[in-house]
Each structure stands twice: as C-alpha cells, then as structure tokens.
Amino acid sequence: MAAMDVFLDRLDPDMCVVTAAAHGERAGCLVGFSSQCSIRPVRYVVWISDVNRTFRVARSADVLAVHLLARDQRGTAELFGGLTGDDVDKFRRVRWREAYGGAAVLADAEAWFVGRVVERTAGGDHVGFVLEPVEWGGREGAAGQAAGPLLRLAGARTVRPGHPVD
C-alpha cells in the first residue's frame, strides 16, 4: 500500500458535510470522498462510511443534502466529523432548515445542494450515493463570484473521527 500512499497523499479534496433525514431521524457527517460523476444529466456522488449513523439514516432517505464549508468553518467540520450522532444531536448546535423532500440544509454552508438519491453502490468500506440535484444555494461574493476559500482535506486532517475508520 505504501506505493499508493504516494498518490493518495497528494490529494487535497474539498470536504463537505452530508445530511440525511428519514423516518423522523436526522444525521450528518463530514465527507472527504465526493465528486461530480456525470455532466448530462448532472449527477454527484458522495461516499459515506458504512459504520456511521449517517449511513444508517441515508440508506432509507430519498434525498441527501451536500454542503461545502468555508475554510474558517472548522468548528462545523469538527462537529459533523468528530462527534457521532449516536451520542449527540448535532442539529441542536447549528442553524438549519428543512428543504426539498425533508432534507436538512445547514444555514451557514458556503454552498449546498439537495439531491434525489438515484443509485446506491458499494465501494469497500463506503457506499456511494449518486444524487440528482433538485435544489441548491449558497453564499456569493462580489459580482456573483464564490465567497471564499473552501475547507479542504489538509485543513481537516486533525479532526478525529466520531466512529473508527478501520
């Protein structure tokens, strides 16, 4: 695996918080594995660890919300990445609202979208949720440009996971 680490250690993806709501439960977690996966139609995939509470809620959800965080929102990253919803109601500690399909949208996210789950696929210790965007929003800076730099993996490496990763 050391040879693959040379490749993986060079990656610095944007981090996002994924929230799920189903059967009267809400959950959310910090995600480092996500990407646009289709141009036409637009599709986006988020990979959620199969050991955390967010996965257990998301597997029954019709929609998920995906949120990009600004670099200075490390506290939100620590809340959703470092605590488990098994022990803490994370949504009591942030501003959020209900959106399309009952999705929980974080009010202070830099950018967000709600996506209808069109496919779930196994991928090792994570499950990929392929999403069709149905609602979106976010902050805008001057002249409609993106507001600020995003939180990336390098800025979140010290967040201790709320659940074991192996």
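Values computed for the structure shown
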read-out: Debye intensity ratio I(q)/I(0), log10, the chain, q values 0.11, 0.18, 0.20 Å⁻¹ (C-alpha model); value: -0.42, -1.18, -1.47
read-out: Charge dipole (debye, nearest 20) of the chain; +1 at Cβ of Lys and Arg, -1 at Cβ of Asp and Glu; value: 220
read-out: Surface share of carbon and sulfur [accessible, 1.4 angstrom probe, percent] for the chain; value: 50
read-out: Relative contact order (%) - criterion: Cα under 8 Å, at least six apart; region: segment 2-145; value: 25
read-out: Relative contact order, percent, segment 1-80 [alpha-carbon distance under 8 Å, six or more residues apart]; value: 33
read-out: Lys/Arg +1, Asp/Glu -1 at C-beta; segment 1-52 dipole; positive extreme among SER38, MET4, ASN52; value: SER38
read-out: Calculated FRET value between ALA107 and ASP87, using beta carbons and R₀ = 30 Å, to 0.05; value: 0.80
read-out: Mean Cβ count within 10 Å, highest first, over the residues of peptides 6-18, 33-45; value: 6-18, 33-45
read-out: Cα-based Rg and Dmax for segment 1-61, where Dmax is the largest Cα-Cα distance (Å); value: 14.3, 45
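The values are calculated or read from the model by the stated rules, or taken from the named source; none is laboratory data. For clarity, every value in this text was computed on a predicted model and none was experimentally measured. Positions of Cβ are backbone-derived with ideal geometry, glycine not excepted, and every protein chain shown enters the neighbour counts. Side chains are part of the model used for accessible areas, which takes the heavy atoms of the whole protein and leaves out ligands, DNA and RNA. Shrake-Rupley method; radii C 1.70, N 1.55, O 1.52, S 1.80 Å.
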